[in-house]
Amino acid sequence: MVTRWQDRKHTGDMHEQRVMLALQNLGWAVQRCGQGTYAPPIREALARTDSALRYFPDLIAAREGRLVTIDAKDRMPSTHTDRYAISNATLKAGLLFTAAHAPTPLYYVFGDLKVLTPSEVQHYAAHARQHASGAWLMVSTRQAHAFDDVFNAPTARAA
C-alpha cells in the first residue's frame, strides 16, 4: 500500500531529478544533500522533531567557483490560484539557513521551474493575502524569476 507521504516523496524526488538535470544542462555540478540523503531511521526520527534540519536544502551546486543551494518545491503553484504556497516552517528554516551559511544563497525552485529566495518569499508574502490556516504563505507566481535568468548567468545572482 502506498501512503500519501510515499506519493509526495516520489513526486519530490522526481522534481529534484528534474532540477538537477536542468542545472547540469547549464554547466552546474550538482549533488543531493539534506533529509532525503539520510538513512530511513534518521529521516523517521527527524520527522518527529521541529529541527530546521528537516528543511535543509535538497541540492547543492557549483559552477565557476560559485556555490548555491536549492530547495526543490514541487506541487506548486496552487492548482486553483496563481500563487505558490510555502509553509511558515519552511520559510523560517530557509531564513535561518541563509543567515548561518551566508554568502551561500538558497533558492526555492518550484514545479514550474520558477525561482524565489527565502527573503523574497518573506517580502512578497507580507504584502499578500494570507492562507486561512496561517500555516502557509502565499506568493504570486508573477513574482518568481525564470530558472534560466537565475542559473544561466555567468555567476548566479543572489537576491
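Tabulated data
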read-out	value
Residue 101 versus residue 64: modelled label distance in nm, points set 7 Å from Cα along the beta carbon direction	2.2 nm
Intensity falloff of segment 53-125 expressed as log10 I(q)/I(0), Debye formula with alpha-carbon point scatterers, at q = 0.15, 0.16, 0.17 Å⁻¹	-0.48, -0.55, -0.61
Label zone at residue 29, where the point sits 7 Å out along the Cα-to-Cβ direction: segment 52-76 residues whose backbone N lies under 18 Å	59-70
For residue 145, solvent-accessible area (1.4 Å; no DNA, RNA or ligand), Å²	40 Å²
Rg to Rh, two decimals, where segment 5-112 supplies the alpha carbon set and Rh follows Kirkwood	0.95
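The values are calculated or read from the model by the stated rules, or taken from the named source; none is laboratory data. The structure presented is a predicted model; accordingly, all values stated were derived computationally and were not measured. Glycine gets a Cβ as well: all are built from the backbone with ideal geometry, and neighbour counts include every protein chain shown. All accessible areas refer to the heavy atoms of the entire protein, side chains included, with ligands and DNA or RNA removed. Shrake-Rupley method; radii C 1.70, N 1.55, O 1.52, S 1.80 Å.
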